[in-house]
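Only the coordinates and a few stated rules stand behind these numbers; no lab work does. All values derive from a computational prediction rather than experimental measurement. Glycine gets a Cβ as well: all are built from the backbone with ideal geometry, and neighbour counts include every protein chain shown.
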Amino acid sequence: MTTGTINRNADSIGPEDLLRPEIKLLQNTGGETAKAAGAKPGQFHNTMSGEIYTDGFEFVVLDFAIGRVYWGRDVMGDEPPMCSSINANSYQGANGEDCRACPHLLDNAAMVDAKARREKCTKQYSVFGLLLPNMEPFIFRAPGTSSQSIMALMSRFRFNRACRNSAGGIDYHRFKVAASASEQKTAAGSAWVIRFGDITPFGDQNIEQDLFLMSAQMLGQTVAALPAAPQVPEQKRLEAPAPVQQSTPPPDAPKINVIPSAPTPATNPLPSAPGPAKRKSSISMEDI
């Protein structure tokens, strides 16, 4: 088998030259292409692959963005907005206009009703992410009804100490998030709003490293791989000491300062007393 590396001009293409798939939350109006394929309001549509996510999807956050968008109409269809800006803080429109001189500019959209917001240029919150499990990049641009959901997700990451690294940044690549939709009643009718579930850690260093490198690549950054976890030396099991072999006990040491017992005197039996002399029973002639 032939192996090796072939250098191509395509290797130098950055993320700014790639077309990110967009995931759209279908509403009651618009989304005719997806609806023709069988999608329904409240479901998510992948504009590049054509996939329909009926029950939501899981993803890893790459980044958040705050731009501006001016639709200039009440009914939202498939047509693009009349004006937009990719960076709300730059106050510069897509065609180079100064947003601060625009009569449609509205920074505090929460202070006006839904009808007035649709007639103004308001902030639009977007999330860049990697779809799981294939790590396919995507962008989700929140409509007005879903802006609060993305703001809440940003706040949850920012205020969660478990998401921070030692440098004070946020390790988005270590967590996955589930997205779903719910219907919300408004004065203008019903609308579908994106909802985000729990922030769940992967707990697998191999997955986290792959996501770390993929995130850096999609954001146009060159970084080194995550350092491997230090190997903890295996501790040897302590064996119980072998029992000590009992040897023959040494003889008792001589006792010191012990008074010896007095010798027992020998027993000499006393001679028995002589008994009385025996009298002769008869007298002989010599005794007369």
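Things to note:
- Neighbours by Cβ (under 8 Å, 6+ apart or cross-chain): first from region 124-146, free of Cβ contacts under 8 Å to residues at least 60 places away in the same chain; second part of a strand (DSSP E or B) and small (Gly, Ala, Ser): GLN124/GLY67; GLN124/SER84; ALA142/SER126; THR145/ALA191
- In the set ALA101, ALA88, ALA109, only one residue is hydrophobic (A, V, I, L, M, F, W, C) and over 25 Å from ILE23 (Cβ atoms); that residue is ALA101.
- Odd one out for THR122, checked against (1) over 24 Å from ALA187 (Cβ atoms); (2) surrounded by 19 or more Cβ atoms within 10 Å (Cβ to Cβ); (3) in contact with a Gly (Cβ under 8 Å, 6 or more places away or on another chain): (1)
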